[in-house]
1. Quick one: order TYR117, TYR80 by neighbouring beta-carbon count within 10 Å, fewest to most.
2. Exposure proxy check: PHE28, PHE74 ranked by fewest other beta carbons within 10 Å?
3. Need one number: nm distance between label points at GLU48 and LYS127, each 7 Å from Cα along Cα→Cβ, rounded to one decimal.
4. Give me the one-decimal nm value for the distance between modelled label points at ARG63 and VAL101, 7 Å along each residue's Cα-to-Cβ direction.
Amino acid sequence: MYKVSLDELENSGDKTLKVTFDEDIKEFNCVTPIHADITLKSLGEFIEAKGRLTGVVKLECDRCLKEFDYNLDFDIDELYAKNKLLDEYAQELELKDGQFVTDLEGADEIDIYDLLYQSVILNLPNKKVCGINCNGDNFLKEENLSDPRLDVFKNIQIKPKNK
């Protein structure tokens, strides 16, 4: 569906293709469609994917468990290697800034959907919080969140050890 053929890219006039994506990514609870304008450019053995992604997804707050809207707005800058980078991967290989390259391992197309999915995952916050003033403790103490399976622990008595 959103796959770009490497042959099509190589045969384009300036070895550049523009791709527009404007729909939901099913793995996320999208409030608005994810919009991305991506330019793919062939650089010999590598393909550069640059663009911008915007949209709104619904996340669950890690503090209070309520859902909130999270705005996505970030640049995409990915580099693909057309052929396998290394025949045998060494046990240790130091990566430096700018050396993160997706290895296509001889594939004949680039999956734009997968590129956008991974980009969104990497740009979500580690700690999802609905707001700076979120007071998650009050929400978690509400009576409607009590779990009847834990009622057995309400009357437990712990006896101190004899010394």
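Each reported figure results from applying straightforward, stated rules to the coordinates on display, with no laboratory input. Predicted model, so just to flag it, every value in this text is computed and none were measured. Positions of Cβ are generated from backbone atoms using ideal geometry, with glycine treated the same way; all protein chains shown enter the neighbour counts.
1. Sorted ascending by nearby Cβ count, the order is TYR117, TYR80.
2. With the fewest neighbours first, PHE28, PHE74 line up as PHE74, PHE28.
3. Here the answer is 3.7 nm between the modelled labels.
4. Between ARG63 and VAL101, the label points sit 4.4 nm apart.
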